[in-house]
Amino acid sequence: MNTNWCYRVERKFEYFSDFIFDHQKKVIVAILLLVLAMGFQLKHLTMDTSTKGFLTKLEKLHKRLENELPYIEEVGSLINARNTYGNKGSLIVEDLFEQLSKSQVEIYPKKQRALINPLLKIARIKPSPL
């Protein structure tokens, strides 16, 4: 029975390749039309590459994972990362982001703190090329 489905799939690929071979010009035109149609939609493509945009999307994903996945006790990400440092003989542990900042200017110092923190370097936080 295992070879039966393999045979059926191979036959469908064979029919598909025969169709492409028999209708070469039609297939090329159809592919070109499809590529052109998708190309004309590129003007509607937008990307938010800001740190604030990334953190906002990360926070939404973080909350969805914690709330919707069964058997998950805690999700570790930048949203709940700790900023741990020493100060005059004391160990201070605080949230890296108590709340998401409103502007890039407020986010920048936190990003720099995360980049120099060796505990967060283990978590693969890398500086952006900008």
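The values are calculated or read from the model by the stated rules, or taken from the named source; none is laboratory data. Everything numeric in this text was worked out from a predicted model, so none of it was measured. Positions of Cβ are backbone-derived with ideal geometry, glycine not excepted, and every protein chain shown enters the neighbour counts.
Pairing each residue of region 57-81 that is surrounded by 11 or more Cβ atoms within 10 Å (Cβ to Cβ) and modelled with pLDDT of 80 or more with any residue that is part of a helix (DSSP H, G or I) and not aliphatic (A, V, I, L, M), provided the two are 6+ apart or on different chains, yields C-beta distances under 7 Å for Val75/His62; Val75/Glu66. Taken together, the residues in region 75-117 that are within 18 Å of Leu61 (Cα to Cα) and small (Gly, Ala, Ser) amount to 4.
Condition check ((1) within 30 Å of Gln104 (Cβ to Cβ); (2) free of Cβ contacts under 8 Å to residues at least 60 places away in the same chain; (3) of a type in the set (Gly, Ala, Ser)) across all residues:
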position: Cys6; (1), (2), (3): no, yes, no
position: Lys12; (1), (2), (3): no, yes, no
position: Ser17; (1), (2), (3): no, yes, yes
position: Phe21; (1), (2), (3): no, yes, no
position: Thr51; (1), (2), (3): yes, no, no
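When Thr84 is tested against (1) among the β-branched types (Val, Ile, Thr); (2) over 25 Å from Val105 (Cα atoms); (3) in a strand (DSSP E or B), just one condition goes unmet, and that condition is (2).
All told, Val93 meets the bar of being exposed (fewer than 10 other Cβ atoms within 10 Å of the Cβ), outside any helix (DSSP H, G or I) and of a type outside the set (S, T, N, Q).
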